[in-house]
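What follows is a short report on a single structure.
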Amino acid sequence: MNQSDHAFAALQDEGAVPLARPLRVGIIGMGGFAGIHHATIHTLEQAGWCKLVCTCDPNPAAFVERMQGWDFPHRDVNVYDRYDAMLDASIDKLDLVTIPTPVPLHAQMHRACVERGIAAYLEKPPTLDIAELQEMLAVEGSAIRKTNIGFNYIIEEPRQTLKRRLMQGEFGRLRKVLLSGLWPRGRSYYRRANWAGRLLLDGKLVLDSCLGNALAHYVHNMLFWAGQKDLFDWSPVAQVRAELYRAHSIQGTDTLFVEAETSSGVELRIALTHACAGENRHWERVECDDASITYVTDKSYEIRHSNGKVETQSVPSVSLRENLIAYLGYLSGEGLNRPITQLADAQPFVELNDLAYLASGSITTVQDSDLDITQYRDGREEYVTIRGIDDACLSFLDGGLFPSQQRFAWAHVGGAATPSDLPHLCDVVNAMAKQVD
């Protein structure tokens, strides 16, 4: 463990002494996930880590009750109705701004912070459009302090320790990384915002899906496992095969089966869906020549060695709090010498997401005859389930058989794509949107 690691570990300690000077923070937004940012910053402020200087929302009057709950009257927080007005008025009073806003707004808000010399904590994903990401990276080149992208789980100490062991060759050659994610979402999930479940909004790429949004953390984790050049390395993909489906009445996809090969020859398999029943279920599996690691965030991991030895360890829960403390430490010079996930580190994730659409070529609508509808909350919420989805995911992850190869009536053959196809993303997505609009 180097000096920077020791400093970071000290910052993460529950009993740690806060920074020498609390950093001054602004938050763009008050609704949605921004509420979690406000609650977390409030807690960190009470502990002496930071001070909320300002915030904004197009309709501040809608959040009067919340502002009372966050104790704004006693914290001297300035409230604005435009983020650019907030930044201009507070440019000399801010050390960083957090951006927990809808993904289509990220690029312009990131640029606004960088151009004013203000550090940014940008929620995941930075964008789902590879062309826009390249523009953001060009902007980032002039940033005084590097932007942090809010992928939550790279910060986990057990995850980083296991990756170091992987890189040291303890488990033999890395062969595969698998991800299973079955997260039920009711119909109301797609009515919560005008961009939810969309491929496009006002002509701009959105690509909202369980891969690009709700389960994006775990896909980013997969690429972290596969990146073997150093600890903070995420492997790009060389080829992707995919089948995309929709069970809900949306423009985009709610169910994805993706198989990829990284530039170093590691195989990735991803099965994700919101069209399922029960509780949220997810796991990551890292398969090597001499061991298999099953990792469940916030719970535990298990290592099964080929010699019969089994290791298990709990995984402490981490959240926005730990990630914000890490970024505060980086900005103050008292923690790590880099953000946990930098903007460039998200490029393999964005490319993988986009290549899934290019590979599939279309999104297959699952017909009502292949769906089950379950009502909850006294009939106020409906959950849509694709029949056989659990078996379809398991067979894909275990044997590499896409649903179309498993002969499900609802399945349709997909295709393949490589990074050379990325310039065609807009054309392919526009064609997909025309099929349902």
TODO: Take the chain, connect every pair of alpha-carbon atoms lying under 10 Å apart with a spring to form a Gaussian network, then pick out the residue of Leu23, Leu128, Leu256 with the largest mean-square fluctuation.
DONE: Leu23
Task: Gaussian network model of the chain, springs between alpha carbon atoms under 10 Å - residue of Glu302, Glu243, Glu311 with greatest fluctuation - done: Glu311
TODO: Can you tell me what the convex hull of the Cα atoms of the chain projects to on average, as an area in nm²?
DONE: 21.6
Open item on the list: Report the gain in length on full extension from Arg281 to Ser263: 0.36 nm times residue separation, minus Cα-Cα distance, nm rounded to one decimal.
Closed with: 3.6 nm
Open item on the list: Give the residue list of trypsin sites (Lys or Arg not before Pro) in the stretch 226-259 that are DSSP loop and have at most 12 other beta-carbon atoms within 10 angstrom.
Closed with: Lys229
Open item on the list: Rounding to the nearest 10 and keeping the result within 0 to 90°, find how far the Cα-based axis of helix 157-167 lies from the longest principal axis of the chain.
Closed with: 60
Open item on the list: So, R0 is 30 Å and r is the distance between the beta-carbons of Gln46 and Glu382; what FRET efficiency does that work out to, to 0.05?
Closed with: 0.15
Task: Value at 222 nm in deg cm²/dmol, rounded to 500, when DSSP H runs of n ≥ 4 in the chain each add -39,500 (n - 2.57) - done: -9000 deg cm²/dmol
Task: Computed label-point distance, nm, for sites Ser404 and Gln313 using a 7 Å Cα→Cβ extension - done: 4.2
- [ ] In a Gaussian network model over the chain where Cα atoms closer than 10 Å are linked, find which of Met67, Met136, Met30 has the largest mean-square fluctuation.
- [x] Met67
TODO: State the percent of C-alpha pairs, over all pairs in the stretch 210-256, separated by a distance greater than 14 angstrom.
DONE: 62
TODO: Amide H neighbours of Thr365 under 5 Å, at least 5 residues apart or on other chains, H built in the peptide plane: list them.
DONE: Arg246
Open item on the list: What distance in nm separates the two pseudo spin-label positions at Asp391 and Asn78, each 7 Å out from Cα along the beta-carbon direction?
Closed with: 6.3
TODO: Calculate, in nm to one decimal, what Met167 and Ala62 gain on full extension: separation in residues at 0.36 nm each, minus their alpha carbon distance.
DONE: 32.8 nm
Task: Cα gyration tensor shape of the stretch 374-437, rounded if a/c is under 1.5, else prolate or oblate by comparing a/b with b/c - done: oblate
Open item on the list: Greater than 21 Å separation of Cα atoms is the criterion. Which listed pairs, Lys176/Lys229; Lys124/Lys434; Lys146/Lys204; Lys51/Lys299; Lys93/Lys146; Lys124/Lys146, meet it?
Closed with: Lys124/Lys434; Lys146/Lys204; Lys51/Lys299
- [ ] Over the stretch 10-89, average the accessible area per residue using a 1.4 Å probe and give it in Å², no decimals.
- [x] 49
Open item on the list: Between the stretch 279-306 and the stretch 90-130, how far is it from one alpha carbon centroid to the other, in angstrom?
Closed with: 34
TODO: For the stretch 31-42, take each phi angle, set θ = phi - 60°, evaluate the Karplus expression 6.51 cos²θ - 1.76 cosθ + 1.60, and give the result in whole Hz per residue in order, putting x for glycine and proline.
DONE: x, x, 5, 4, x, 5, 4, 4, 5, 5, 4, 4
Task: Ratio Rg/Rh [Cα only; Rh per Kirkwood] for the stretch 132-237 - done: 1.03
- [ ] Using the Cα centre as the reference, give the magnitude of the dipole from point charges on the C-beta atoms of the chain (Lys, Arg: +1; Asp, Glu: -1; all else neutral), rounded to the nearest 20 debye.
- [x] 200
TODO: Report, in degrees rounded to the nearest 10, the 0 to 90 angle that the Cα long axis of helix 425-436 makes with the longest principal axis of the chain.
DONE: 70
Task: Cut-off under 5 Å, modelled amide H: who pairs with Arg82 long-range - done: Asp57
Open item on the list: At R0 = 25 Å, how high is the FRET efficiency between Ser188 and Ser300 if r is their beta carbon distance? Nearest 0.05 is fine.
Closed with: 0.20
- [ ] Return the sequence-ordered ³J(HN,Hα) values of the stretch 324-336 in whole Hz as given by the Karplus equation 6.51 cos²θ - 1.76 cosθ + 1.60 applied to θ = phi - 60°, using x for Gly and Pro.
- [x] 5, 4, 4, 6, 4, x, 4, 5, 7, x, 9, x, 5
TODO: Evaluate 2.2 N^0.38 Å with N set to the residue count of the stretch 300-344, then give the Cα radius of gyration divided by it.
DONE: 1.74
TODO: Specify the angular offset, from 0 to 90 degrees and rounded to the nearest 10, of the alpha carbon long axis of helix 106-115 from the longest principal axis of the alpha carbons in the chain.
DONE: 30
TODO: Keeping every protein chain in place, order Asp372, Asp92, Asp202 by accessible area at 1.4 Å, biggest value first, i.e. largest first.
DONE: Asp202, Asp92, Asp372
TODO: State the Kirkwood hydrodynamic radius of the stretch 90-145 in Å, one decimal place, computed from all pairs of distinct Cα atoms.
DONE: 11.3
- [ ] Would you calculate the separation in nanometres between label points at Ile373 and Ala431, each defined as 7 Å from the Cα along the Cα-to-beta-carbon direction?
- [x] 3.3
TODO: For Glu334, Glu322, Glu65, write out the residues from largest to smallest accessible area, computed with a 1.4 angstrom probe and no ligands counted.
DONE: Glu65, Glu334, Glu322
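The values are calculated or read from the model by the stated rules, or taken from the named source; none is laboratory data. Just so it is clear, the structure is predicted and the values come from calculations on it, not from any experiment. Positions of Cβ are backbone-derived with ideal geometry, glycine not excepted, and every protein chain shown enters the neighbour counts. What goes into the accessible areas is simple: the full protein's heavy atoms, side chains included, and nothing from ligands, DNA or RNA. Shrake-Rupley method; radii C 1.70, N 1.55, O 1.52, S 1.80 Å.
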